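Take a look at this one; I'll ask things after.
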Amino acid sequence: MFTGLEFEAVGLPPEAEALRGEVREFTSKELPADYWPNADFNEGHSPDFSRKLGERGWIGMTWPKRFGGGERTFFERYVVTEELLAAGAPVSAHWIADRQSGPLLLNYGTEAQCRRYLPRIARGECYFSIGMSEPNSGSDLASVRTRAERVRDGWIVNGTKIWTTDAQRNHYIIALVRTSPPSDDRHAGLSQLLIDLYADGVTVRPIRNLAGGEDFNEVVFEDCLVPDDGVVGEPGNGWIQVTSELGYERSGPERFLSAFRVLVEFVRAVGNDPRRDEAALIGRLASHLMTLRRMSISVAGMLQQGGNPAVESALVKSLGNDFEKLVGELVRLQAPPGHPGLERCLRQTLLHAPSFTLRGGTREILRGVIARGLGLR
Amino acid sequence: MDRLIEDTAERIFADHVDKAALDAAESGEFPNALWQVVRDSGLHLVGSPQSGSELADLYGVLRVAGRHAVPLPLAEVLIANSLLDEAGFTTIAVDGVAPWARIADRVLTVDGELSRRFDAEPGSNLAGESRDRVVLFDTERVDLPTDLRERMALCRVALMSGCLERILAMAIDYATEREQFGRPISRFQAVQHNLAVLAGEAAAARCAYDAAVASVDSPGFVHHVAAAKARVGEAAGIAAEIAHQVHGAMGFTHEHSLHHFTRRLWAWRDEYARESLWQEMLGLRIATGGADSVWDFVVDAG
Ligand SMILES: Cc1cc2nc3c(=O)[nH]c(=O)nc-3n(C[C@H](O)[C@H](O)[C@H](O)COP(=O)(O)OP(=O)(O)OC[C@H]3O[C@@H](n4cnc5c(N)ncnc54)[C@H](O)[C@@H]3O)c2cc1C
């Protein structure tokens, strides 16, 4: 009988748990006493903090030592990332490079690329952006139009990427571009290029979001020359490569912790003698959170075994994003007045909630991925 | 969980539980033949000290039983046998109600009373499973673990988790066979998305169950069971609703077997306390710890 998607029962091994105390000690030392925690992995870009994490060996943890990595397990990385998020530490500078650009280079990059970028990423000095979306290509990623033309010493890139998180602050972008004209096979002819965001022919313009922040950008390429060694993997293999990033991108604790502060501040607001309905709300949200965490750790186990858990990741992200939205909507209805901390978190969550089910693949696209995993399409 | 035990359970239940058996049990006939097969296989002793198997195996058997809606009071029999000497058929009562007390040799209450002399008035839950009202006469006190209610609640979690897998499989099968507008309804995106949500709830239930089973004998057991019963109860409601929507009117008939599973989900999510009560308990513990320990609670319990 078909029994659904397999999430193997895995708990965190002791060597991973052992890191928890170290990370807590580190954050309590490095973050000021009156530090107001960030709600989200996207909030708080601090090269200084990233460098200190690098010194501790907490970036690139799973990578080979010869590239500056720690040869640790995905479970150990899991504990470090979840503790940083729970503390609301400013992690956005290195987050994407650590989570997916580094692993992408490890899987598909050349030895020279790995030597050149990975040690700097692991030191917390070198930051990457994701160059997938374009003005006319969102969910339909294979339709990207940014094109790269072969010239003598490399590729000339023209086109526009959009919604590129932190492109105004990061060093590089890995862009999905068309290297041969569209054909019957929509997924053919795409390639990934590693491009210096400070190169000639690249213009980055921040875009203001509805909450007033400027985190994402438009990135325009005008006759930008990318040398040959900027190609990641094989030219034409871009689709397979870009989809392989998604297992890393979608399954982590950042996909269900964006509203965690709201829960914490709600508990503070109701105190240690809550009404029954208040206790029930806390318990309900905790039951979701504990379950999501278990699922996400199970996916870390799949990554550890070298699998490509694209479907399971989509499922964790989809359930996790729905949960993040639920937190704001439910706590709002029961929030007692006169608690500035709670009010601040709630505002932040309610204003950012629309993005939870868009960024990293929309809810509808994720459900489609799951349906494919169920054999329905 | 021992694979061999799980496979044995799967084989026996797949061979012996069908719609006719479910209908018969619901009409009040105890499934003697099935019970005999279970006894002959030794499945009724899984998790008991003399069996060499563990509590995790007991819950694992119940997950398989949930997949087949096995019409026996397996949770009660297995837990009773794990606690007492095996002396015939012992059922477990909570709030004065026990499955199949009408044919049981003994009734044990979750509060630690054991009786061989009792009255049993037949009754049933939403799924038509026997839930008999009992009045005990001679009772003896027995020492029971303090977390017996949690163990029983985890039994319901195990049953629901298996049951959720089954309705997911049924809904997928139905959607790929049933044609409308000239194609299988599984080709419609709205149907695919509903099934994706159903699969998510089934997977979440499985993980909540795993977390609770992994915490057996640890200090976090009660919290994990609370989280699992609350989360899986929520999953049961969402998943049953979608399974019925996908099955159309056919799934609303008595003839179709979907209701044997969905009605059990509706019944089991209420038994051994509905979601709201477990949520309150969990929430109260978290609030008592205070805001700055919420994360500790989530990860220590995790
Ligand atoms: C805060 C934020 C940060 C981001 N950061 C980055 C980044 O760093 N790099 C990057 O490349 N991108 C980034 N994105 C972009 C993100 O990946 C896209 O928003 C997403 O892929 C959806 O594309 P779109 O916004 O163009 O919406 P569209 O694809 O136009 O979709 C609009 C609506 O239509 C639905 N829809 C589309 N196609 C289908 C279909 N086949 N079936 C059913 N429904 C469908 C969608 O689900 C959605 O509800 C970011 C987005 C946000 C909000």
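Using a probe radius of 1.4 Å on protein heavy atoms only, what is the accessible area buried between chains B and A, both sides summed, to the nearest 100 Å²?
On the way: alone 13860 and 17260 Å², together 26970 Å².
When B and A are taken together, about 4200 Å² of accessible area is lost.
For a quick check of your reading of the filter: which chymotrypsin sites (Phe, Trp or Tyr not before Pro) in segment B:66-168 sit in a DSSP loop and have no more than 15 other Cβ atoms within 10 Å?
Filter output for segment B:66-168: B:Phe137.
Within chain A, what percent of beta bridges assigned by DSSP are antiparallel, to the nearest 5?
85 percent
What is the distance in Å between the Cα centroid of segment A:38-71 and that of segment B:247-302?
Comparing the Cα centres of segment A:38-71 and segment B:247-302, I get a distance of 38 Å.
Would you work out what percent of the accessible area of segment A:177-291, with all protein chains in place, is carbon or sulfur (probe 1.4 Å)? All intermediate terms of the calculation are to be shown ahead of the outcome.
Values: 2200 of 4600 Å².
Solvent-exposed carbon and sulfur of segment A:177-291 make up 48 percent of the total.
Nearest 10 degrees, 0 to 90: what angle lies between the long axis of helix A:47-56 and the longest principal axis of chain A (Cα atoms)?
So the inclination is approximately 80 degrees.
222 nm [θ] for the protein assembly as shown, helices only, -39500 (n - 2.57) per DSSP H run of 4+, per residue, to 500?
-16500 deg cm²/dmol
What is the Cα centroid distance between segment A:166-195 and segment B:22-67, reported in whole angstrom?
Here the two parts' Cα centres lie 57 Å apart.
Once you put a point 7 Å from the Cα of B:Phe181 and another 7 Å from the Cα of B:Ile238, both along the Cβ direction, what distance in nm separates them?
2.5 nm
Only sites in a loop by DSSP and with at most 16 other Cβ atoms within 10 Å count here; which GluC sites (Glu not before Pro) in segment A:34-126 make the cut?
Hits after loop and neighbour filter: A:Glu71.
Something else now. Looking at segment B:231-302, which trypsin sites (Lys or Arg not before Pro) are in a loop (DSSP not H, G, I, E or B) and have at most 14 other Cβ atoms within 10 Å?
Working: sites: B:Arg231, B:Arg263, B:Arg264, B:Arg269, B:Arg274, B:Arg285; in loops: B:Arg269, B:Arg274.
Of the trypsin sites (Lys or Arg not before Pro), the ones in loops of segment B:231-302 whose Cβ has at most 14 other Cβ atoms within 10 Å are B:Arg274.
Further question on the same structure: What is the gain in length, in nm to one decimal, between B:Asp2 and B:Thr146 on full extension, counting 0.36 nm per residue of separation less the C-alpha to C-alpha distance? Each step should come with its number before you reach the end.
On the way: separation 144, 0.36 × 144 = 51.84 nm, distance 2.63 nm.
In short, 49.2 nm is gained.
Treating the beta-carbon of each Lys and Arg as +1 and of each Asp and Glu as -1, no other charges, what is the dipole magnitude of chain B about its Cα centre, to the nearest 20 debye?
That gives chain B a dipole magnitude of about 680 debye.
Can I ask one more? For the protein assembly as shown, with the dipole built from +1 on Lys and Arg beta-carbon atoms and -1 on Asp and Glu ones, taken about the Cα centre, which of A:Ala86, A:Pro227, A:Val327 lies farthest toward the positive end?
Ranked along the dipole, the leading option is A:Pro227.
Keeping all protein chains in place, calculate the accessible area per residue for chain A (probe 1.4 angstrom), answer in Å².
Result: 40 Å² of accessible area for each residue.
Quick one: putting +1 on the C-beta of Lys and Arg, -1 on the C-beta of Asp and Glu, what dipole do you get for segment A:67-165 around its Cα centre, in Debye to the nearest 20?
It comes to approximately 360 debye.
Which parts of segment A:279-293, residue by residue, lose 10 Å² or more of accessible area when the rest of the protein chains are there, as against the chain isolated (1.4 Å probe)?
For segment A:279-293, once contacts with the other chains are taken into account, A:Ala279, A:Ala280, A:Ile282, A:Gly283, A:Arg284, A:Ala286, A:Ser287, A:His288, A:Leu289, A:Met290, A:Thr291, A:Arg293 lose 10 Å² or more.
Set the Förster radius R0 to 51 Å, insert the Cβ-Cβ distance between B:Asp105 and A:Asn272 as r into 1/(1 + (r/R0)^6), and round the FRET efficiency to 0.05.
0.60
List for segment B:182-205: residues with 50 Å² or greater reduction in accessible area, all protein chains versus chain alone, probe 1.4 Å?
Listed in order, they are B:Gln192, B:His193, B:Ala196.
The values are calculated or read from the model by the stated rules, or taken from the named source; none is laboratory data. Quick caveat, the model's predicted, so the values are computed rather than measured. When we count neighbours, we look across all protein chains shown, and the Cβ atoms used for this are built from the backbone with ideal geometry, even at glycine. Just so you know, the surface numbers come from the protein's heavy atoms only, side chains and all, with ligands and any DNA or RNA stripped out. Shrake-Rupley method; radii C 1.70, N 1.55, O 1.52, S 1.80 Å.
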